[in-house]
Structure formats: structure tokens, C-alpha cells
Amino acid sequence: MRETPRSGGGKVVGGMGVLAIAVLVSAWAVGATALAILGVGLGLAAVLARAWTRLVGRGLSIERLPATAPTVEGEPLRLEFALHGRTWLAARIELRDRVGPLGEQRVALGRDIRAELVLDRAPRGRYLLGPGRLLIDDPLGLSQVDLEIPAAGTILVRPRVPQLGLLFSDAGSRGEGGRRQPVRRPSGLEPHGVREYVEGEPLRAVHWATSARRGQLMVRELEDAPRDSVAVLLDVERSAIAGPPGDSSLDDAVRAAAGLVRAHAARSRGALLVIGTPAPDVHRVRTLGAEWERALDALAAVEGVDGTPLTSLVAPRGILATVAELVVVTARPEQVAEALVARAAGGRVPALVAVDAPTYAGRPATGSTPALLRLAAAGAPVVVLRHGVDLEGSLAGLEERAVG
């Protein structure tokens with residue numbers, strides 16, 4: 001987007017004008033012709049510098065060029081700028097632009113019409129660009145133009161997505177004797193209701209109890225089980241976050257949610273990504289195309305918020321109550337344990353990614369809590385994420401769990 005800077009005037013010009021007036025007054029007081037000529041020269045220089053300031057300021061604009069490819073956390077963040085106008089009139093041009101929480105960044109443009117700012121290992125997030133300033137020096141060094149650039153646009157740094165083949169939830173939980181209990185997922189055709197029998201239909205579809213009650217043949221009506229029956233719920237409660245930006249418990253939770261959604265979409269099992277903000281942000285991802293790209297952008301912008309509705313989202317009558325399979329990514333497993341146990345008892349598949357937030361602040365790992373033990377006993381797959389532990393291995397169920 002091209003921005004037209006607002007002129008802040010010349011910094012040195014004003015001082016030169018005052019000096020010219022002072023010299024002329026002194027020349028008049030002492031009657032020195034040479035000093036008067038010097039004063040006139042300084043005055044003319046001040047006028048010319050002011051004219052140069054206006055000339056450069058009016059014709060100058062700067063464009064923040066869009067990124068050619070999405071930036072992923074840990075990679076260099078490249079910002080490109082294009083300068084338009086009478087750049088040949090300037091001896092030096094410096095851009096000072098704010099990049100979100102990274103603060104003011106400086107780029108020496110010289111007389112080039114294009115420049116690039118490279119920031120190493122940018123953390124995940126949404127970065128507001130600007131406001132900024134352009135500082136332009138004239139060839140003689142007599143004045144400097146200070147132009148304000150308004151804030152405009154944002155840039156997203158996406159999370160690193162773990163590539164998962166296996167999922168910890170595929171094998172179920174550990175039962176008695178350490179054996180894994182397989183997860184039962186709904187598939188194929190499911191009962192939807194009953195209707196009158198139509199001649200020629202197979203008798204195996206007859207619902208005999210209803211037929212006897214009504215005195216005529218009734219058959220079960222079946223419908224396809226929904227393919228997008230997996231929901232990944234990401235908890236973003238600010239009070240539960242630990243660790244610095246880029247290496248926090250929330251960052252690992254975002255990576256985990258992204259990896260799980262991608263894995264299900266790659267299996268042609270459509271998934272719902274639910275970001276648990278006060279007004280839940282829901283994204284349906286059925287393929288790794290445009291829907292996946294939009295979900296990644298939403299995850300890039302995730303920040304901690306207060307008052308998240310985690311408990312109500314997983315409640316028996318919450319918006320996710322009818323989802324066949326629910327995976328919750330949270331640092332507050334005690335908030336969802338009861339609802340997930342109830343889901344397991346009702347035949348729906350629950351799974352939990354418990355983020356051990358204290359480890360991201362340098363504190364010791366939390367052991368098996370009552371909430372985690374209850375979920376494991378109910379047959380719900382559970383995995384615990386800790387700082388410094390391989391994320392891909394944990395989500396694939398290859399790391400040792402702290403439950404059991």
C-alpha cells in the first residue's frame with residue numbers, strides 16, 4: 001500500500017533563517033558591507049532550502065510492498081519498501097518504521113527506490129506496520145526533511161506446523177495393564193429415524209419394535225455420518241499463559257492445534273478449528289487449500305485474552321456438544337475434565353492436549369493431576385506438552401506420558 005508522507009518541515013532551515021537575520025542586523029549596526037552580503041547569502045540559502053523541502057515533500061511517497069510468501073516463525077521476516085518521487089534530490093534517505101511489538105526499525109535507503117528490512121527469527125504474531133518517519137537530507141547538508149508516515153496494514157507471521165503422521169489419539173488411552181484401548185469413532189451410516197416400509201426394501205432394515213407398536217412395517221432411515229466430525233478447541237486464556245513471546249505455552253498450544261487440524265485435513269477428515277475467544281472463532285478445514293490457509297492466518301494472530309468460555313464450549317449443551325470427536329488443547333485441564341468424561345460415557349470421542357504451562361516459566365513439571373487421571377480412566381487419550389520436549393513426538397504419542 002502506497003502512503004503519502006506528511007511533511008514535518010525542515011529542521012535545519014529554521015536555524016539558518018535566524019542566523020541570516022542576526023547577521024544582517026549586525027551588519028546594519030556596524031555598517032559592514034561584507035557582513036551584509038554574507039547575511040543576504042544565508043537568507044537566500046534558507047529560502048532555497050525551504051523551497052527544496054517543499055519540492056521533495058510534495059512529490060514523495062513510500063509503498064510497503066506485500067510479502068511474496070507467508071512468513072513462518074523462526075524464519076527471517078522480510079519487509080520491502082518502494083520509494084516514489086524525486087529521490088535524486090536527496091543525498092541521504094532514512095526510513096524509521098515501527099513493526100508492532102518489535103519497535104522502531106531503521107533502514108538506510110540512500111537514493112535507491114527499493115529497500116529491504118530483514119528481521120531475524122520473528123516470533124509468531126500479527127504486526128502492525130507504522131507509524132513511521134522518513135528523514136531526507138539535501139545534497140548540501142543545509143536542511144533535513146522529516147516526513148511522517150501513517151500506520152497502515154499488518155503482516156502475519158504464521159506458526160510452525162508440526163508434520164504429523166501418527167496422532168496420540170489414534171491408539172486410544174492406556175487401560176489396565178498398560179494396554180491401549182482403541183478409540184471408537186462413528187463412521188458409515190447412522191440411524192436417523194423411522195419411516196414406512198416400501199415394497200422391495202430388505203427386511204433387515206425393518207425396525208420390528210416400532211412395526212409391532214404401529215401395526216405396520218417400519219424401517220430405519222439411515223444417513224451418512226458427517227465427515228467433518230473432528231473439532232480442535234484451542235484455549236487462549238491469558239491467565240494460563242507462561243513464558244516469553246515466541247517460546248510461551250500459548251505458542252506451543254497454537255502449534256499443536258495447527259498440527260492436529262492439518263493431520264485430520266490431510267486424512268480427508270474435515271476438521272473444525274475453534275479458537276476459544278469470548279466470541280469463538282470457528283474455521284472449517286476440509287482440505288489443505290484455501291480453508292487451511294485462512295485457518296493458519298487465524299492461528300498466526302492468536303493472542304491471550306481474558307474471560308474465555310472454555311467450560312461452556314465443552315459443556316453437554318455447548319456449541320461443540322454434537323461433534324463426534326473433540327480434541328481440547330488447554331493449560332487448564334481441570335476446567336474440561338468433567339465434560340470430557342461425560343462425552344466418553346456418552347460414546348463420543350474426547351481427547352486432551354494438556355499444556356504444562358509452569359515448565360515454560362522455568363518451573364518443575366507438574367505430575368499426574370486428578371483431572372488427567374480421571375480422563376485416562378474414562379478412556380480419553382491424553383498427552384502432556386512440556387517446554388523443551390519434542391512437540392511432534394508428543395502429539396504422535398511417541399513421548400512418555402505423565403498419566404497413568
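The values are calculated or read from the model by the stated rules, or taken from the named source; none is laboratory data. Just so it is clear, the model here is predicted, and its values are computed rather than measured. Note that we place each Cβ from the backbone using ideal geometry, even for glycine, and neighbour counts take in every protein chain shown. With ligands, DNA and RNA removed, areas are computed over all heavy atoms of the protein, side chains included. Shrake-Rupley method; radii C 1.70, N 1.55, O 1.52, S 1.80 Å.
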Report summary line: Counting only residues that are open to solvent by less than 40 Å² (accessible area, probe 1.4 Å) and outside any helix (DSSP H, G or I), the range 26-38 contains a total of 1
**Report entry** helices (runs of 4 or more DSSP H) wholly inside the range 240-323 containing at least 3 residues that are within 28 Å of Ala345 (Cα to Cα) and of a type in the set (A, V, I, L, M)
**Finding:** 249-266, 310-314
Requested in this report: Those residues that are open to solvent by 10 Å² or more (accessible area, probe 1.4 Å), hydrophobic (A, V, I, L, M, F, W, C) and within 20 Å of Leu385 (Cβ to Cβ), I need them from the range 330-348; list them, please.
Outcome: Ala331
**Report entry** Conditions (1) open to solvent by less than 50 Å² (accessible area, probe 1.4 Å); (2) modelled with pLDDT of 75 or more: number failed by Gly14
**Finding:** (2)
**Report entry** Failed item, numbered, when Leu391 is tested on (1) under 18 Å from Leu260 (Cα atoms); (2) crowded, with 23+ Cβ neighbours inside 10 Å
**Finding:** (2)
Query raised in the report: Just wondering, is there one or more residues in the range 318-340 that are more than 18 Å from Ala258 (Cα to Cα), at pLDDT below 95 and of a type in the set (Ser, Thr, Tyr)?
Result: yes
Report task. Kindly provide the set of residues from the range 119-142 that are open to solvent by less than 10 Å² (accessible area, probe 1.4 Å) and more than 21 Å from the chain's Cα centre (by Cα), ordered by number. Result -> Gly132, Leu134, Leu135, Ile136
Query raised in the report: Given Gly404, Gly397, which one is open to solvent by 50 Å² or more (accessible area, probe 1.4 Å), of a type outside the set (A, V, I, L, M, F, W, C) and modelled with pLDDT under 95?
Result: Gly404
Query raised in the report: Restricting attention to the range 39-53, does a residue exist that is loosely packed, with under 15 Cβ neighbours inside 10 Å, farther than 30 Å from Ala29 by Cβ and without any contact (Cβ under 8 Å) to a residue 60 or more places away in the chain?
Result: no
Query raised in the report: Has the range 217-227 got any residue that is surrounded by fewer than 18 Cβ atoms within 10 Å (Cβ to Cβ), within 25 Å of Ile319 (Cβ to Cβ), in contact with a Pro (Cβ under 7 Å, 6 or more places away or on another chain) and in contact (Cβ under 8 Å) with a residue 12 or more places away in the chain?
Result: yes
Query raised in the report: Only one of Val327, Val282, Val323 is surrounded by 17 or more Cβ atoms within 10 Å (Cβ to Cβ) and either out of contact with any Ser or Thr (no Cβ under 7 Å at 6 or more places or on another chain) or under 21 Å from Gly393 (Cβ atoms) (or both); which?
Result: Val327
Requested in this report: Evaluate the following for Leu164: is it surrounded by 15 or more Cβ atoms within 10 Å (Cβ to Cβ) and either among the β-branched types (Val, Ile, Thr) or in a strand (DSSP E or B) (or both)?
Outcome: no
